[in-house]
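Quick notes on the structure that follows.
The values are calculated or read from the model by the stated rules, or taken from the named source; none is laboratory data. Note that this is a predicted model, so its numbers are computed, not measured. Every residue, glycine among them, receives a Cβ derived from its backbone with ideal geometry; neighbour counts consider all protein chains shown. Accessible surface is based on the protein model in full, side chains and every heavy atom, while ligands, DNA and RNA are left aside. Shrake-Rupley method; radii C 1.70, N 1.55, O 1.52, S 1.80 Å.
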Amino acid sequence: MEELKLTFVNVGYGEAAVLECPDPAFPGGTFVMVIDGGSAEAEEYRDSATGRIPLDRYLSLRGVDHIDLMAVTHVHEDHLCGLLPVAEKLPPAALWQTLPPEFCRSMRPLDIPAEGLTPSRSKFLRALNDYRRLCLGQSCPRHRPLAGMELRLCRDLSVRVLGPSRARAETLASLCRALYEEADPSAFWQRLDQLDAAMNNYSLILLLEYRGTRILLPGDTNRMGYGELDPAALRADLFKVGHHGQRDGISAEQIQAIAPRAVVCCASSDRRYNSAEPGILQMMADSGARLYFSDCPPGPDGAVPPPHQALTFTVGAGGTLEGTYLSIPD
């Protein structure tokens with residue numbers, strides 16, 4: 001039986017997903033899409049007791065030998081920087097990202113002022129510089145999906161882009177241009193902090209559909225970022241909650257509109273930054289959805305998932321949807 005597989009790799013605090021869909025038109029008979037890449041910081045993977053593993057190493061162990069489409073949902077270190085080593089080994093056939101291609105070509109490496117640098121600013125600056133390297137380093141077509149686009153990715157698999165809207169995408173581009181043009185150090189930090197704080201709700205929001213089963217992947221969109229969307233458009237069988245399940249990740253009304261059978265929370269086992277917030281998890285469990293985690297934080301009942309390198313969902317004919325925690329021998 002032909003099945004779609006969607007895998008959330010255990011990258012600790014961050015997100016990285018690999019979608020594999022059967023289609024003889026693609027190499028090896030499989031369409032492969034990578035959505036975000038997790039962190040590239042060695043410290044994130046130093047403690048691998050829960051199964052944490054960098055995306056490039058996971059793909060190598062799995063024997064993945066090509067990427068047909070790579071998507072960057074937004075520019076934050078824990079989603080983007082792990083894509084660079086992947087792209088160097090497996091250059092994607094196409095790249096999706098949220099800034100105008102002409103702006104990407106004009107980006108320069110951002111110098112890092114010594115005064116005023118904090119760990120969060122350092123992470124965001126690295127993400128911006130790595131974003132430039134990723135976009136400029138690929139010879140493949142680079143696309144900017146916007147809300148309203150509907151595309152057939154491969155046989156039996158389609159995608160509807162729910163966000164960002166054109167207006168929101170232009171606002172993001174304007175904020176980025178202002179940052180890159182700012183010469184005053186104090187004003188630079190103010191613009192950087194503003195852009196960093198706003199970035200989540202400029203995420204690429206994808207609604208995938210495979211043989212009638214719908215999968216909603218909103219990047220780091222939080223509950224405020226769904227305001228432009230028709231609640232009826234959100235319905236999905238599998239939902240990856242935004243912003244790592246922090247308190248602002250989703251509202252009760254929105255989870256009711258989505259009505260998922262399964263929810264994935266990409267939070268680290270240490271629940272950093274108050275991710276996998278107990279109240280949010282309980283709300284989703286109360287909705288009737290089954291909860292899964294990319295790493296191993298405690299669930300609303302205190303139960304902790306087994307150590308695993310990946311969480312894989314298989315989607316089959318007739319709407320079957322099964323999640324399995326997976327470990328791969330080194």
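Quick look at the numbers
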item	result
Unique residue being in contact (Cβ under 8 Å) with a residue 24 or more places away in the chain, over 30 Å from Val315 (Cα atoms) and not basic (Lys, Arg) when the list is Gln194, Gln138, Gln190	Gln138
Residue in the stretch 283-292 that is more than 24 Å from Leu146 (Cα to Cα), touching a Lys or Arg at 6+ places or on another chain (Cβ under 9 Å) and touching a residue at least 40 places away in the same chain (Cβ under 8 Å) present	yes
Pick from the stretch 238-283, criterion in a loop (DSSP other than H, G, I, E, B), under 21 Å from Leu321 (Cα atoms) and not small (Gly, Ala, Ser), ranking: farthest from the chain's Cα centre (by Cα)	Arg261
All positions within the stretch 33-50 that are surrounded by fewer than 24 Cβ atoms within 10 Å (Cβ to Cβ) and out of contact with any helix residue (DSSP H, G or I) (no Cβ under 9 Å at 6 or more places or on another chain)	Ala42, Glu43, Arg46, Asp47, Ser48, Ala49, Thr50
Failed criterion for Ala127 (all others in (1) under 25 Å from Glu170 (Cβ atoms); (2) assigned to a helix (DSSP H, G or I); (3) touching a residue at least 60 places away in the same chain (Cβ under 8 Å); (4) of a type in the set (A, V, I, L, M, F, W, C) hold)	(3)
Residue that is nearest to Glu2 (Cα to Cα) [pool: residues in the stretch 148-180 that are of a type in the set (A, V, I, L, M, F, W, C), touching a Leu at 6+ places or on another chain (Cβ under 6 Å) and open to solvent by 10 Å² or more (accessible area, probe 1.4 Å)]	Leu162
Top-ranked residue of the stretch 219-245 - restricted to ones that are without any contact (Cβ under 8 Å) to a residue 40 or more places away in the chain and open to solvent by 30 Å² or more (accessible area, probe 1.4 Å), ranked as nearest to Met283 (Cα to Cα)	Arg223
Selected residue (only one of Ser39, Ser48, Ser106 is within 21 Å of Thr7 (Cβ to Cβ) and more than 20 Å from the chain's Cα centre (by Cα))	Ser48
For Met70: the one exception among (1) touching a residue at least 12 places away in the same chain (Cβ under 8 Å); (2) part of a loop (DSSP other than H, G, I, E, B)	(2)
Qualifying residue in the stretch 94-101 (condition: open to solvent by 10 Å² or more (accessible area, probe 1.4 Å) and at pLDDT below 95)	yes
Pair list, Cβ < 8 Å and 6+ apart or interchain, from the stretch 142-166 residues that are on the phi > 0 side of the Ramachandran plot to residues that are charged (D, E, K, R) and open to solvent by less than 40 Å² (accessible area, probe 1.4 Å)	Asp156/Asp23
Where Arg133 falls short, out of the listed (1) assigned to a helix (DSSP H, G or I); (2) open to solvent by 60 Å² or more (accessible area, probe 1.4 Å); (3) closer than 30 Å to Ala262 by Cβ	(3)
So Asp56, is it open to solvent by 20 Å² or more (accessible area, probe 1.4 Å) and either over 25 Å from Leu204 (Cβ atoms) or touching a Leu at 6+ places or on another chain (Cβ under 6 Å) (or both)	no
Matching residues, the stretch 68-80, being of a type in the set (A, V, I, L, M) and either out of contact with any strand residue (DSSP E or B) (no Cβ under 7 Å at 6 or more places or on another chain) or surrounded by 24 or more Cβ atoms within 10 Å (Cβ to Cβ) (or both)	Met70, Ala71, Val72, Val75, Leu80
